[in-house]
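Notes follow the structure.
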């Protein structure tokens, strides 16, 4: 459930990466709406290109008590790869220590099962998967159009990241706005600040804040006011912008259970272009 919330928020704000006009800091609402759609298309292209890369993801999760003190910590490091159109995680370390041989073998077996499944997939099943991906992209475009109407945008200024200038944009929910899409009903519950690369109109950084309780289902979960997510991207190989860092702090109530606080810090590194000739090997072989 936590990952579903994160992906939803990521989709939401990746879509609102506003590319400001390089010659003017003042844009009409129509211009802003057009830029939302243009930059959202770029982000969907980034998503496609990410499938051409393998990378390492390290996730450090802290569960907090009622006073905000850490009760427990769990660290997982995974290799992420794309296999036959599916993104796959292979766990390679826990608490920054390599997996025991037995657990590493299970991870490899999981990957091999997926490879065999996809090898035997029919052309009809491949076609259905491709159609579903296109349907999801179209739903994302519709969501972006809703975002354009649901927010008032403010140009704040310019900040430099690694020698590259970025526009700073604030988004505040538009008072009284009634959303049309079911998925867009969460929009009035969030405000954000976005840093947009000036030259490429790609979003560099997003700071998202929950300003009201968000309910998922009747009794499934509630995300409370004050929850926050910070997302950063980086430019890879002069061709694509991909995740670099995500920091999440949430206050959640799941079903009828008591509330719990969670901090999640995820870093991404070692992006490598995946070639069709790349051979998937065991952890033991890779370390030789």
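Of the listed requirements (1) touching a helix residue (DSSP H, G or I) at 6+ places or on another chain (Cβ under 9 Å); (2) farther than 24 Å from residue 243 by Cα; (3) modelled with pLDDT under 85, residue 151 misses just one: (3). Could you run through region 133-163 and say how many residues are touching a strand residue (DSSP E or B) at 6+ places or on another chain (Cβ under 8 Å) and either buried (at least 19 other Cβ atoms within 10 Å of the Cβ) or free of Cβ contacts under 8 Å to residues at least 60 places away in the same chain (or both)? Final tally of qualifying residues: 11.
Inside region 61-92, residues that are more than 27 Å from residue 237 (Cα to Cα) and at pLDDT 90 or above make up a count of 6. Residue pairs whose Cβ atoms lie under 8 Å apart, separated by 6 or more positions or on different chains, with the first residue in region 225-238 and at positive phi and surrounded by fewer than 19 Cβ atoms within 10 Å (Cβ to Cβ) and the second part of a strand (DSSP E or B) and modelled with pLDDT of 90 or more, are 226/209; 226/210; 237/271. Out of curiosity, is residue 136 over 19 Å from residue 43 (Cα atoms), part of a helix (DSSP H, G or I) and at pLDDT below 85? So residue 136 does not fit the description; no. Only strands (runs of 3 or more DSSP E) whose full extent lies in region 186-236 are considered here, and the ones with at least 2 residues that are in contact with a strand residue (DSSP E or B) (Cβ under 9 Å, 6 or more places away or on another chain) and modelled with pLDDT of 90 or more are 190-197, 203-210, 228-236.
Rundown of residues vs (1) surrounded by 11 or more Cβ atoms within 10 Å (Cβ to Cβ); (2) assigned to a strand (DSSP E or B); (3) without any contact (Cβ under 8 Å) to a residue 60 or more places away in the chain; (4) within 21 Å of the chain's Cα centre (by Cα), yes/no style:
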site: 62; (1), (2), (3), (4): yes, yes, no, yes
site: 68; (1), (2), (3), (4): no, no, no, no
site: 75; (1), (2), (3), (4): yes, yes, yes, yes
site: 78; (1), (2), (3), (4): yes, yes, yes, yes
site: 89; (1), (2), (3), (4): yes, yes, yes, yes
site: 93; (1), (2), (3), (4): yes, yes, yes, no
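The residue that is farthest from residue 267 (Cα to Cα), among those in region 108-125 that are in contact (Cβ under 8 Å) with a residue 24 or more places away in the chain and within 27 Å of the chain's Cα centre (by Cα), is 118.
The values are calculated or read from the model by the stated rules, or taken from the named source; none is laboratory data. These numbers were taken from a predicted model, which means no experiment stands behind them. Ideal geometry is used to build each Cβ from the backbone, glycine not excepted, and the neighbour counts take in all protein chains shown.
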